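Only one structure is covered here, and it is reproduced in the block below.
The values are calculated or read from the model by the stated rules, or taken from the named source; none is laboratory data. Every value quoted in this text rests on a predicted model; they were computed, and no experiment measured them. Note that each Cβ is placed from the backbone with ideal geometry, even for glycine, and that neighbours are counted across all protein chains shown.
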Amino acid sequence: MRLLEEMADDIKYVFFPMNTSKSAYPSEGFHWTLLVLNYKKKMFQHYNSMKPRKGSVDKFYEEAGIL
């Protein structure tokens, strides 16, 4: 985070692509999601093109929360 602090005036977003190939849920297969840090608001947003099945938990979102 030190580098981010030095560049804080120039940073709006930091992107963290996430891949499930090493997921704790091997049955989910190979999938990419995107975790975005809005640096100004100090807030994360998670983008996942695969919606979880009705009534199920979004496992990719849970893994993003670990970060």
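Is one or more of the residues making up region 27-44 assigned to a helix (DSSP H, G or I) and modelled with pLDDT under 80?
Kept after step one, since they are assigned to a helix (DSSP H, G or I), are these residues of region 27-44: 27-28.
Going one step further and asking which of them are modelled with pLDDT under 80, we end up with 27-28.
Yes, because at least one residue in region 27-44 is assigned to a helix (DSSP H, G or I) and modelled with pLDDT under 80.
Residue check, LEU67 against (1) at pLDDT 80 or above; (2) surrounded by 10 or more Cβ atoms within 10 Å (Cβ to Cβ); (3) of a type outside the set (Ser, Thr, Tyr), all met but one. Which one?
(1)
Restricting to region 13-26, and then to whatever is surrounded by fewer than 12 Cβ atoms within 10 Å (Cβ to Cβ) and modelled with pLDDT of 75 or more, can you tell me which residue is nearest to the chain's Cα centre (by Cα)?
Ranking the qualifying residues of region 13-26, first place goes to PRO17.
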